[in-house]
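I'd like to ask some things about the structure below.
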Amino acid sequence: MGRIRYGLKNLHYAIATEGTGGALTYATPVAVPGAKSISLAPAGTAIDEPADDVVWYHKDTNDGYTGTIEFEDTAAGDAFLAAVLGMTTDANDVVFEAASDEYKEFALLGQFTLEGGADNETGKRFCFFRCVAARPNTDGQTKEVSGLTIATNTVNITAMARINDDMVKASCDSNSASYANWFQAVVTA
């Protein structure tokens, strides 16, 4: 019997700090409640070398992933954006965006629900080790007589390989020994 994957929850981020030789260390993961969707597609290039009227050699490069995450407009979401986009917050909790803000690299963690697996798996957790985010659009609409249009934050994400060890992502299902503590610290290889 096959398993299915659906849902998204437990979105977290962990700010990365670069050390010797490009090695990253991570802050404790911080939750971003209100996750709605994630869509990260593989990035890379297909290399084909023709010879003898056929494709003699084929290779796909792994340049990480690009795509979007979407989450509700919450205080935790604002804190995430301020942290990864390098914005500043004053004593009155006003967030300031400056043209000179320096984006920070971070790990992105989350969880999907699994159902129907042979070993009673209930979830799959993931971690993209080296991400950067782009500023989201600022969207909103007036309240219509027919109802509300809910605005959310949609953020473009690029997930790249770590410089020191070439790692892009990790994942485990609920049968893994790492599953229970996945959001306590970024998993290491």
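The values are calculated or read from the model by the stated rules, or taken from the named source; none is laboratory data. Everything numeric in this text was worked out from a predicted model, so none of it was measured. As a convention, Cβ positions derive from the backbone with ideal geometry for all residues, glycine included, and neighbour counts pool all protein chains shown.
Taking segment 99-135 as the search range and keeping residues that are touching an Asp or Glu at 6+ places or on another chain (Cβ under 9 Å), in a loop (DSSP other than H, G, I, E, B) and modelled with pLDDT of 90 or more, which one is surrounded by the fewest Cβ atoms within 10 Å (Cβ to Cβ)?
So, considering only residues that are touching an Asp or Glu at 6+ places or on another chain (Cβ under 9 Å), in a loop (DSSP other than H, G, I, E, B) and modelled with pLDDT of 90 or more, the one surrounded by the fewest Cβ atoms within 10 Å (Cβ to Cβ) is R135.
If a residue has to be surrounded by 10 or more Cβ atoms within 10 Å (Cβ to Cβ) and in a loop (DSSP other than H, G, I, E, B) to count, how many in segment 78-97 make the cut?
Residues meeting the conditions: 3.
Pairs, please: C-beta under 9 Å, at least 6 apart or cross-chain, first residue surrounded by 14 or more Cβ atoms within 10 Å (Cβ to Cβ) and among the aromatic types (F, W, Y) and in segment 48-77, second assigned to a loop (DSSP other than H, G, I, E, B) and at pLDDT below 90?
F71/T152
While we're looking at this one, here's another question. Checking T138 against (1) part of a loop (DSSP other than H, G, I, E, B); (2) in contact with a strand residue (DSSP E or B) (Cβ under 9 Å, 6 or more places away or on another chain), which single condition isn't satisfied?
Single failed check for T138: (2).
Here is a follow-up. So is T188 at pLDDT below 95 and either assigned to a loop (DSSP other than H, G, I, E, B) or not β-branched (V, I, T) (or both) or not?
Yes; evaluated as a whole, the condition is true for this residue.
Suppose we keep only residues that are in a loop (DSSP other than H, G, I, E, B) and touching a Leu at 6+ places or on another chain (Cβ under 8 Å) within segment 1-32. Which one would you say is nearest to C131 (Cα to Cα)?
Only one residue fits best here, namely P29.
Results for (1) of a type in the set (V, I, T); (2) on the phi > 0 side of the Ramachandran plot, shown as yes or no for each residue.
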{"residue": "R3", "(1), (2)": "no, no"}
{"residue": "G7", "(1), (2)": "no, yes"}
{"residue": "N10", "(1), (2)": "no, yes"}
{"residue": "T28", "(1), (2)": "yes, no"}
{"residue": "A75", "(1), (2)": "no, no"}
{"residue": "D93", "(1), (2)": "no, yes"}
{"residue": "K104", "(1), (2)": "no, no"}
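Can I ask one more? Taking into account only those residues within segment 136-169 that are charged (D, E, K, R) and out of contact with any Phe, Trp or Tyr (no Cβ under 7 Å at 6 or more places or on another chain), which is surrounded by the most Cβ atoms within 10 Å (Cβ to Cβ)? First the steps, then the outcome.
From segment 136-169, those charged (D, E, K, R) are 139, 143-144, 162, 165-166, 169; that's our starting set.
From the residues that got through so far, the ones that are out of contact with any Phe, Trp or Tyr (no Cβ under 7 Å at 6 or more places or on another chain) too are 139, 143-144, 165-166.
Numbers: D139: 11, K143: 8, E144: 8, D165: 13, D166: 9.
Only one residue fits best here, namely D165.
For residues in segment 170-185 being part of a loop (DSSP other than H, G, I, E, B) and more than 17 Å from the chain's Cα centre (by Cα), which is surrounded by the fewest Cβ atoms within 10 Å (Cβ to Cβ)?
A177
Regarding segment 112-121, can at least one residue be identified that is touching a residue at least 12 places away in the same chain (Cβ under 8 Å), in contact with a Leu (Cβ under 6 Å, 6 or more places away or on another chain), within 21 Å of N10 (Cβ to Cβ) and among the acidic types (D, E)?
yes
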